[in-house]
Amino acid sequence: MKNESLKKLGGILGPFIGLILVLAIFSLMPEISGRFLRLANFKNVAIQSVIVALSALGMTLIIISGGIDLSAASNLALSCVLVAYFIQAGFSPLLAALLGMLSGGLVGFLNGFLVTRLRVVPFIVTLGMMGMARGLAKWVARNQKIDAPLTWLNNLMARTPRPSWLVLSPGIWLMIILAVVVGLLLRKTVFGRHIFAVGSNEMTARLCGIRTDRVKLAVYTISGILCGLAGVMEFSRLTVGDPTVAMGLELDIIAAVVIGGGSLSGGEGKISGTLIGVFIMAFLRNGCTMMGWPNYFQEIIIGAIIITAVALDRLRHRQE
Amino acid sequence: MEQKFILTARSLSKSFGLTPVLKNVNFELKSGEVRALLGENGAGKSTLIKIFSGALKPDSGLMSLDGQPYGPESPLEGRKNGLAVIYQELNLAPHLTVEENILLGQESQRLGFLNKKKNRQKIKQVLEFLGHPEISPDIPVRKLPIGARQVVEIGRALVSEARILVMDEPTSSLSQEDTRRLFEIIHRLKTEGVGIIYVSHFLEEVMEVADTFTVLRDGEVAGSGEMAGTSMEQLISLMIGKRLEELYPEANYQPGEIILKVGNLRGQRMTAPVSLELRRGEVLGVAGLVGSGRTEFLRTVFGLDKLKEGLLIISGTEFKPQHPRASINNGLGFLSEDRQAEGLALKMNISDNLTLSRLDFYTRRGFLDQQKQKASAWKWIGQLAIKARSPEQPVWTLSGGNQQKVALARLLHQQAEVFLLDEPTRGIDVLSKAHLYELIVELAMKQKAVIFVSSYFPELLGVCHRIAVFHRGKLVDIRMKEKWTEESLMKAAIAGSLELKEKIDRME
């Protein structure tokens, strides 16, 4: 019994040690040790993580179900542009945000629809959608940034939250709450178990009476809505609708899931692991920036970490 | 030809950790001999093969090849020494052609360029020798049927001038026709002086093809000798370590009301419509060759294959199978012939695999009650005597027989009334088979209904109440078990029957 629970922990122990290691290394750097391990810096990193984390929650569901979504970042950018567009057009901020999430959901639904109906592999469907969503975002924005008046939406990602009793900015709270919700969905509901089953062996799932197409459709749609929400957060941060925002971010999102123990062949993945993956990358960026190391240096380190994390994970599997 | 020992092994032992897997195993093989290596799952057969091939090293013991000490460090070295293993899962590159696959790694070349003519010549020779000159060297392997792929694999071993061939369950996915052709190849290889170690669960085949046998039990040699003069009962007794009184359970069938009526049902992949009736409390066997349409029929009934015409009547209500969900809700349960690829989600644990088709049972206010789910899994593990440490153990860690029990437990758990079992005993050991037969008969005694598809006719004759035969997509004959013999079943399966229509008319 004890052994089993230890094994469960083993799944996220690896990424967790990785995170501790990253924190330890930077806090030992004499140049920044005073500033790095500060609450203010942690809040800073948390805010920087919100956008990737929200999209990564959905990506975790998709990857566990055996799929992939390359259109996540474009989807996010489209939502960001639409929110700005609607606010500029005089819509209320709440309605604009909801419409942004709706667009995200629609793109996700379309992904799921094409994957299940055309029987084209998710990599290709979402690769196509990546271009289409990005193009649409540029079209809506007439290939430039959309300025929008400041509203309460822009407080969502503020460093010092208003009202101050919130302690953390609303975006961070949203990230925490949604992580718990999606985590519960995945671990404690029948739908969650069906997602695992579809990713583990789709034929078995079908045999057991699971409507695999519906499960996939739902997973892509939920993930799309979360990307749409991430787009709202992006708008909140930028205060403009930028169609070129988050270029290549889909790879960070996928990397976070994979570092956290998600398997691209499906059936494996954890929300806690994904969040740790997000934080590992965020702290690395943060630490490197504080050290004044150039951008290319960060890219090399993060690339190496992705490979190391997955290699270690495979090793663990082989030992089992 | 004078036969001499080409491979001998003296007191081989091997342990994994503290568990001994092989204990003082002696083994010998003559040139031109087919020696069957038998034993239940976990008896140590695969470990022994791996030691022969060089994939594993023994802890102690000696081997010799042609009188020379032999201790390969790797499978490559084993191969260089003339020992080739043909595994159950064939090791072929699907996109390469027959020629490229056979010659892979041993192409004739000049200065790095392929010597096309010489290669082609070699291939022609090999395919002709194997009695398959019709296989084109230029066809990609993925387009070949499974039987022909095996020929390619054997061809590869021949080109490397193997003198010892280890065949691990070579017929498990072959049709009877392909199996017969494989045996012809084995006879040719024998005349060339190749020694063959033949591992298989199918004892009838083993008795037909092998000259001698070695039976392993719990890592020790339980017995060995000449195949001639040894009965199947003796072999099974050696394998399971006790006398086998009766492999098939006694059954006193008392069929009740009709539970399933299939009316002119035709699925996407079925060539002809099928009609039959199934009563509560009976086991209906379905015999036929591989590809005769049995599997397609079951899959259509269960809603896995698209329905083209016809319908089912389950307990008096009409039902059109469209999706497994609806079928499960109507009391149907289906066991796939391919438990690895379809039947089970190997990476998921026992508890999830067992309850996956009826998870709703464990929800409370939207959440899954995992304690209840696990408790239920424990119950079934106990009832079916599944050898497992805990319900959270991944299914791939179980033996084939225990995996199959999990798959069957799922149907019991979903409270199926009609059990559609497609080759339930394929690739599992004798003891598990015996247990499965008992479970199947027990189902009928509890007034459930079972359709039992099998390519192994003795088990159908041993277990079923009635037996139907499929031939080229048609149900050609259906009779009480007593009216069938193994010969008549085989005849009907191979040749079909013309009296079909009259028979069905008479039944109605």
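Here is how the numbers come out for the structure above:
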quantity	calculated
Along each principal axis, Cα extent of region A:21-83, largest first, Å	42, 31, 15
Between helix B:176-191 and chain B: long-axis angle, C-alpha atoms, 0 to 90°, nearest 10	20 degrees
Mean shadow area of chain B over all directions, Cα convex hull, nm²	27.4 nm²
Region B:346-414: relative contact order as a whole-number percent, Cα under 8 Å and 6+ apart	49 percent
Inter-chain Cβ neighbour average for residues A:193-205, partner chain, 10 Å	6
For region B:346-414, size of Cβ-based charge dipole, Lys and Arg +1, Asp and Glu -1, in debye	100 debye
Residue-averaged [θ]222 nm for chain A, counting only DSSP H segments that reach four residues, each worth -39500 (n - 2.57)	-25500 deg cm²/dmol
Within region B:16-148: Cβ-based charge dipole about Cα centre, in debye rounded to nearest 20 (Lys, Arg +1; Asp, Glu -1)	380 debye
Degrees, to the nearest 10: B:370-383 long Cα axis against longest axis of chain B	70 degrees
Semi-axis lengths, Å, region B:322-468, gyration tensor of Cα atoms, sqrt of 5 times eigenvalues	25, 18, 13
Cα-only Debye scattering, region B:5-240: base-10 log of I(q)/I(0) at q = 0.10, 0.11, 0.16 Å⁻¹	-0.47, -0.57, -1.15
Principal axes of region B:346-414: Cα extent on each, largest first, Å	37, 21, 17
Debye log10 I(q)/I(0) at q = 0.05, 0.06, 0.07 Å⁻¹ for the protein assembly as shown, Cα point scatterers	-0.36, -0.51, -0.69
Value of [θ]222 nm, deg cm²/dmol, for chain B, DSSP H segments ≥ 4, -39500 (n - 2.57) each, nearest 500	-10000 deg cm²/dmol
Percent RCO, i.e. relative contact order, over chain B, from Cα pairs under 8 Å lying at least 6 residues apart	14 percent
Ranked list, fewest to most other Cβ atoms within 10 Å of each Cβ, for B:V262, A:V278	B:V262, A:V278
Whether chain A is rounded, prolate or oblate, judged on the alpha carbon gyration tensor where a/c under 1.5 counts as rounded	oblate
For region B:5-240, with +1 on Lys and Arg beta carbons and -1 on Asp and Glu, the positive-most of B:T171, B:V215, B:M227 along the dipole	B:T171
Listed residues A:G14, A:G266, A:G231, most fluctuating in chain A (Gaussian network, C-alpha, under 10 Å)	A:G14
Order of B:I186, B:I313 under a 10 Å beta carbon neighbour criterion, fewest first	B:I313, B:I186
Amide hydrogen neighbours beyond the local backbone of B:L56, cut-off 5 Å, H modeled	B:I51
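Bear in mind these aren't lab numbers, they're just calculated from the coordinates by the rules spelled out. Remember, it's a predicted structure, so these values are computed and weren't measured experimentally. Methodologically, a virtual Cβ is constructed for each residue, glycine included, from the backbone with ideal geometry; neighbour enumeration extends over all protein chains shown.
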